[in-house]
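The structure appears below as structure tokens.
All of the numbers you see were taken from the coordinates with simple rules; none came from a lab. None of these values were measured; they are calculated from a predicted model. As a convention, Cβ positions derive from the backbone with ideal geometry for all residues, glycine included, and neighbour counts pool all protein chains shown.
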Amino acid sequence: MSNVGKNIRKLRTVKKLSQAAFAELFGLARPSVGAYEEGRSEPKMETLIQIAQHFGLSVDLLLTKELTVNELYGFDIFKEQLQPPAPTPEQIAEADRQQNVTPLVYRNRALEYIVKHHDPAFIDSLPWLQLPHELTGPTRAFEVSGADMLLHRQGLRHQDIVLCCRVDKAKPALKSGNVYVFVTQGKILIRRLAGRLPDSQTLKLRADNPDYSSQDLELSQALEIWEVKGVFTTHLRPPALLDERVAALERKVEALLERLNDHS
């Protein structure tokens, strides 16, 4: 049995690459990288050549020798990252557990996600984001579709990305006023929780945009519930409406003071 899986794991550690990032480098599926590292399969020869060339190693070295972290730091491509002492195996394992990678569901894959959301292989096939956060438990990122949650140019814009934590459907701890993503049989819905009806199993949801009406949702209709914890946007947000009014008043006061000074 070759040492390629162990060497791939150490290469990732030294270069600070997640399994998803490593897979993207060489056009692989993320689960394939895990399978290599666990010895359940080995890369094809063309993939081995790509890995060896990228990291300045020989294919023979990748296959036949279990490289140490110190040896890897000795190669020119790694010298700029030398940070003694070398990480221990425990530190390597801990780094793998703290990758902060999150599956991303683009809006054009919403229906596919609804059908396959419970399939681990499908989730692994999604694009993965690596974002700095301290969230615990499973996370998910969804691309916003439409202007349902946009009011006075504030809120969630079309094509924004929301970062979410899973809500336990068995014991859903939902708070009025918070924004959630509801995965239902028909659509992926992003709404603010306005409250619950007296039966406590029916949620009252509203969009921040008043052009969209409120709606009721039975908890049993939700395949998954995710609480929105953050948003990534490429839009430069304008000042809030209140800020604009304050700025306009300040300009008027300045103009009045200048006129008073002119007459004095």
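Figures for the structure shown
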| item | result |
| --- | --- |
| Within the stretch 164-208, trypsin sites (Lys or Arg not before Pro) in DSSP loop having at most 15 other beta-carbon neighbours inside 10 Å | Lys169, Lys175, Lys187 |
| Chymotrypsin sites (Phe, Trp or Tyr not before Pro) restricted to the stretch 1-43 and DSSP loop, no more than 16 other C-beta within 10 Å | Phe26 |
| Residues Ser125 and Lys204, FRET efficiency given R0 of 45 Å [Cβ-Cβ distance, rounded to 0.05] | 0.80 |
| Extended-chain gain in nm, criterion 0.36 nm per residue less alpha-carbon gap, Thr64 and Asn108 | 11.4 nm |
| Ratio of the Cα radius of gyration of the stretch 101-232 to 2.2 N^0.38 Å, where N counts its residues | 1.01 |
| Within the stretch 101-232: Cβ-based charge dipole about Cα centre, in debye rounded to nearest 20 (Lys, Arg +1; Asp, Glu -1) | 220 debye |
| Ellipsoid equivalent to the stretch 154-264 - semi-axes via the Cα gyration tensor, in Å | 44, 16, 11 |
| Cα-projected label distance for Leu219 with Lys6, points at 7 Å along beta-carbon direction, nm | 5.0 nm |
| Per-residue Cβ neighbour rank within 10 angstrom, fewest leading, Val228, Val33 | Val228, Val33 |
